[in-house]
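Have a look at the structure below before the remarks.
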Amino acid sequence: MNKEEKVNFIIYSLEKIYPKVSPPLNHSDPYTFLIAVLLSAQSTDVGVNKITPILFKRANNPYDMVKLSIGEIRNIIKPVGLSPMKAKGIYGLSKILISKHNGKVPDNFEDLEKLPGVGHKTASVVMSQGFGHPAFPVDTHIHRLAQRWGLTDGKNVLQTEKDLKILFPKKSWNKLHLQIIYYGREH
């Protein structure tokens, strides 16, 4: 099977298994989604979904978030791990959203990636699932599956992302990203 046949088979198979997918992180808007995605680093979606209702009851927008101290944020998010770094990132990005973006989450990679705690993968997830802009976020699970499926020999997630963006139609990226994640978790 050549790569084109593999790509068609993957799209067909995942569409059959997961015809409807939605982001596994609970959120109500781009800000709460950004925070949930940031919290999900080195954690599980289940763990994040247990913590975010507690955090968002106190602060579900950047204006309320900066009223909390970094220590208060850290205590709330501690169960998801890496809380010192994540708390500083949440507080810092909330301040920047207020000062530079009128309290709104920017819908472009350049501004997102300038926010504390937001790397390329987090920005890609927010662009894709939060705003519906075509993006193909690649985490270690997608990276491994793409290698197993013979779609990339990329040594890192950035190279794998480039390879997958070439192979798959742009209109499929947002949904396919989630389908591959769900497939990887099950298998």
Query raised in the report: Which of the residues that make up the stretch 16-55 are farther than 19 Å from Asn75 by Cα and among the acidic types (Asp, Glu)?
Result: Asp29
Query raised in the report: In the stretch 107-123, is there at least one residue being within 23 Å of Tyr12 (Cβ to Cβ), among the aromatic types (Phe, Trp, Tyr) and out of contact with any Cys (no Cβ under 8 Å at 6 or more places or on another chain)?
Result: no
Query - Residue list for the stretch 152-170, filter: surrounded by fewer than 16 Cβ atoms within 10 Å (Cβ to Cβ), modelled with pLDDT under 95 and either among the polar types (S, T, N, Q) or part of a helix (DSSP H, G or I) (or both) - result: Asn156, Leu158
Report task. Please verify whether the stretch 137-151 includes one or more residues that are farther than 30 Å from Phe56 by Cα, open to solvent by 30 Å² or more (accessible area, probe 1.4 Å), part of a loop (DSSP other than H, G, I, E, B) and of a type in the set (A, V, I, L, M, F, W, C). Result -> yes
Requested in this report: Sort out which residues of the stretch 106-118 are modelled with pLDDT of 95 or more and open to solvent by 20 Å² or more (accessible area, probe 1.4 Å), and write them in order of number.
Outcome: Asp107, Asn108, Phe109, Glu110, Asp111, Glu113, Lys114, Pro116
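The values are calculated or read from the model by the stated rules, or taken from the named source; none is laboratory data. Only a predicted model underlies this, so the values are computations on that prediction, with no experimental measurement involved. As a convention, Cβ positions derive from the backbone with ideal geometry for all residues, glycine included, and neighbour counts pool all protein chains shown. We work out accessible area using only protein heavy atoms, side chains counted, and drop any ligands, DNA or RNA first. Shrake-Rupley method; radii C 1.70, N 1.55, O 1.52, S 1.80 Å.
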